[in-house]
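Remarks on the structure that follows.
The values are calculated or read from the model by the stated rules, or taken from the named source; none is laboratory data. Computed from a predicted model, the values in this text were never measured in an experiment. Heads up, the Cβs are rebuilt from the backbone with ideal geometry, glycines too, and the neighbour counts pull from every protein chain shown.
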Amino acid sequence: MNRRKKIKQLLEAHAKKANAKLAPRSNKPKYISKADRAKLEAEAAQEALGPVE
């Protein structure tokens with residue numbers, strides 16, 4: 001493999017990795033902390049109880 005081809009191959013590999021990092025991962029849900037989940041659950045429970053009264 002000649003020098004130019006090696007360098008070109010390396011640059012393409014680096015560019016591919018950089019693009020992969022920047023691409024959004026839509027299949028993975030956004031992380032919600034345990035405290036936030038508890039807070040949302042408490043709010044939902046209160047909303048469920050509110051209209052009944």
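Structure notes:
- Unmet criterion (only one of (1) basic (Lys, Arg); (2) assigned to a loop (DSSP other than H, G, I, E, B); (3) modelled with pLDDT of 90 or more) for Lys8: (2)
- On inspection, Ala38 does not qualify as at negative phi, at pLDDT below 95 and surrounded by 10 or more Cβ atoms within 10 Å (Cβ to Cβ).
- So Ala48, is it under 19 Å from the mean Cα position of the chain (by Cα), assigned to a helix (DSSP H, G or I) and at pLDDT below 90: no
- When the range 11-45 is filtered for residues that are within 20 Å of the chain's Cα centre (by Cα), in a helix (DSSP H, G or I) and of a type outside the set (A, V, I, L, M), the ones remaining, listed by number, are Lys16, Lys17, Asn19, Lys21, Lys34, Asp36, Arg37.
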